[in-house]
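Here the structure is laid out as structure tokens; the discussion comes afterwards.
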Amino acid sequence: MKPDSTKTVYDGKLIDVTVERWGENEREIVEHPGAVAIVAVDDDGAVTLVRQLREPAREELLELPAGTLAEGEAPLEAAKRELAEETGLTGGRWRKLAGFYTTPGFCREYMHVFLAEELEAGEARQEADESIELVRILREELESRLAEMEDAKTLVGILLYIRQV
């Protein structure tokens, strides 16, 4: 399906906003390059999460390591890059758990969720504007701690992981 017309009304660094005309209706669409999230499980059966400030939420959120796809970057490569940058974890066995639109009512962001196991610890290389605390939660504690996770991609990833283990 294609709109009758499209006009970019905001051209930002991370996102653009377009207005599309569908017959008599206009829709404002947030254009996003896509993103990845990683359920990173170590040899002890713990999942590594990150706690970081999310300015739009006005608080620090407990989340899966995640990030935005660079132009032309494959989702798996982006996932490996983001996990290494945020946590220092590398290598291991990887497989895709799911893919989904995060907020399809107004945003074109498509999220790829990966499971990474048998990872090797290393030194994180966080970006200058990131202040990230690593939080390890054992698999058997995940379900009882879901209420601490207010981020949709994290809830999806953790629930998919719990369901498949």
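The values are calculated or read from the model by the stated rules, or taken from the named source; none is laboratory data. None of these values were measured; they are calculated from a predicted model. All Cβ positions, even for glycine, are placed from backbone atoms using ideal geometry, and neighbour counts span all protein chains on display. With ligands, DNA and RNA removed, areas are computed over all heavy atoms of the protein, side chains included. Shrake-Rupley method; radii C 1.70, N 1.55, O 1.52, S 1.80 Å.
Extension gain for T103-E127 works out to 6.0 nm (0.36 nm per residue, less the C-alpha to C-alpha distance).
Using a cutoff of 8 angstrom between alpha carbon atoms and counting only pairs six or more residues apart, the relative contact order for region 1-150 works out to 26 percent.
Please list, in order, the residues from region 146-165 whose amide nitrogen is less than 17 Å from a point placed 7 Å along the Cα→Cβ vector of E117. Within reach of a label on E117: 157-165. For the residues G122, G92, G12, a GNM of the chain with alpha-carbon springs under 10 Å puts the largest fluctuation on G12.
Gyration tensor analysis over the Cα atoms of region 22-80 returns equivalent ellipsoid semi-axes of 30, 18, 10 Å (largest first, whole Å). Tell me the net charge near L115. Cut-off is 10 Å between Cβ atoms, L115 excluded, with +1 for each Lys or Arg and -1 for each Asp or Glu. That sum, taken over residues with Cβ under 10 Å, equals +2. Counted over the chain, the DSSP beta bridges are approximately 85% antiparallel. Solvent-accessible area per residue in region 1-96 equals 57 Å², computed with a 1.4 angstrom probe and all protein chains kept. Could you give the nm distance between label points at V135 and M1, where each point is 7 Å from its Cα heading toward the beta carbon? Modelled inter-label distance: 3.8 nm.
Restricted to Cα atoms, the chain shows a radius of gyration and a Dmax of 17.2, 57 angstrom.
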